[in-house]
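I have placed the structure first, in the form of structure tokens, so that the comments after it can refer back to it.
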Amino acid sequence: VQLQASGGGLVQAGGSLRLSCAASMRSFSIYDMSWYRQAPGKQRELVASITRYGTTNYVDSVKGRFTISRDNAKNTLYLQMNSLKPEDTAVYYCNANSPITVANYWGQGTQVTVSS
């Protein structure tokens, strides 16, 4: 199983980016999916999650700015990031977790840098 994250880059504060995570597993729809991020010198934190039923959750610092979504037909997870701030700078990772099979997978990460 592979999770391929893409869409990161360098953007000015106030700008937008859309991250994508393409998954190779055949049963993508049964996985709860999440985006995590890790800034230099900090612990990895959960940014947003979407369950296999479509329920979403966000860390307080991104509420109203980020939107997580999934397209089960394309086996792809997305994170739309608007009104970006320098403190959003981090490597962003996608994660797949199946409560049914207890499988858990990580993507390789994509760098997001927000300049002030």
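The values are calculated or read from the model by the stated rules, or taken from the named source; none is laboratory data. Since we're looking at a predicted model, the values are computed, not measured. With ideal geometry, Cβ positions are generated from the backbone for all residues, glycine too; neighbour counts draw on all protein chains shown. Each accessible area value is taken on the protein alone, full model and side chains, heavy atoms only, with ligands, DNA and RNA left out. Shrake-Rupley method; radii C 1.70, N 1.55, O 1.52, S 1.80 Å.
Can you tell me the relative contact order of the chain? Whole percent, Cα pairs under 8 Å, sequence separation 6 or more.
About 37 percent, as a whole number.
So what's the chain giving for Rg/Rh, alpha carbon basis, Kirkwood Rh from the mean inverse pair distance?
With Rg and the Kirkwood Rh in hand, the quotient comes to 0.96.
Where the accessible area of the chain is counted over protein heavy atoms with a 1.4 Å probe, how much of it, in %, is carbon and sulfur?
47
Whole-Hz Karplus ³J(HN,Hα) for the range 54-70, in order, using 6.51 cos²θ - 1.76 cosθ + 1.60 and θ = phi - 60°, x for Gly and Pro?
Per-residue couplings from phi come out as x, 6, 10, 8, 9, 5, 4, 5, 10, 4, x, 10, 10, 9, 9, 8, 9 Hz.
Show me the chymotrypsin sites (Phe, Trp or Tyr not before Pro) within the range 41-96 that DSSP assigns to loop and that have at most 14 other Cβ atoms within 10 Å of their Cβ.
Qualifying residues, ordered by number: TYR53.
For the chain, with every protein chain kept in place, what is the accessible area per residue (1.4 Å probe, Å²)?
Ligands and nucleic acids excluded, the figure is 53 Å² per residue.
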